[in-house]
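In what follows, a single structure is set out as structure tokens and then discussed.
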Amino acid sequence: MIVQEIKDREWATRKASSEAILQNVPRDVFLLSGDEALFHLSGCVDKQNFRYCSPNNPIQIHERPLHSERVTIWCAVADFGIIGPYFFEENGKAVTVTSARYVDMLRYFPQSKLYEYENLAM
């Protein structure tokens with residue numbers, strides 16, 4: 001698993017940024033924080049931002065299919081829970097996330113899930 005350590009100075013900056021956002025959100029509005037991730041079904045991790053530095057040539061070679069099947073998933077977090085996952089697919093097949101597909105998902109999916117949360121709270 002690839003993780004990124006948050007340094008103390010970064011923690012303070014992120015906390016200050018989060019607090020500034022919360023101060024600017026009206027009390028009668030809820031805030032969703034969402035993002036999407038790409039998962040290769042072959043088990044490989046998409047490591048485009050990962051760099052390996054070494055004074056020696058790595059001996060181990062990692063092979064993976066050039067065009068493996070993959071799926072893009074969206075999820076959001078709010079103070080009341082998690083909304084998602086949403087799988088970007090058409091007719092049961094994973095599709096490339098375009099701006100039109102992303103806007104459609106944002107327009108319809110979170111709203112339907114919010115109604116579910118609202119009905120559970122009643």
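The figures follow:
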read-out	value
In the range 69-79, residue modelled with the lowest pLDDT [restricted to those that are closer than 18 Å to Glu36 by Cβ and of a type outside the set (A, V, I, L, M, F, W, C)]	Glu69
Odd one out for Leu22 among (1) outside any loop (DSSP other than H, G, I, E, B); (2) at pLDDT 85 or above; (3) not acidic (Asp, Glu)	(2)
Answer residue from the range 84-105, given it is among the aliphatic types (A, V, I, L, M) and at pLDDT 90 or above and is farthest from Leu32 (Cα to Cα) among those	Ala100
Among the candidates Val3, Val29, residue that is β-branched (Val, Ile, Thr), modelled with pLDDT of 65 or more and either more than 25 Å from Leu114 (Cβ to Cβ) or part of a loop (DSSP other than H, G, I, E, B) (or both)	Val29
Residues of the range 90-120 satisfying the condition of being touching a residue at least 12 places away in the same chain (Cβ under 8 Å) and of a type in the set (Gly, Ala, Ser)	Ala94
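The values are calculated or read from the model by the stated rules, or taken from the named source; none is laboratory data. The model shown is predicted, which means the values in this text are computed figures rather than measured ones. Virtual Cβ from ideal backbone geometry, glycine too; neighbours counted across all protein chains shown.
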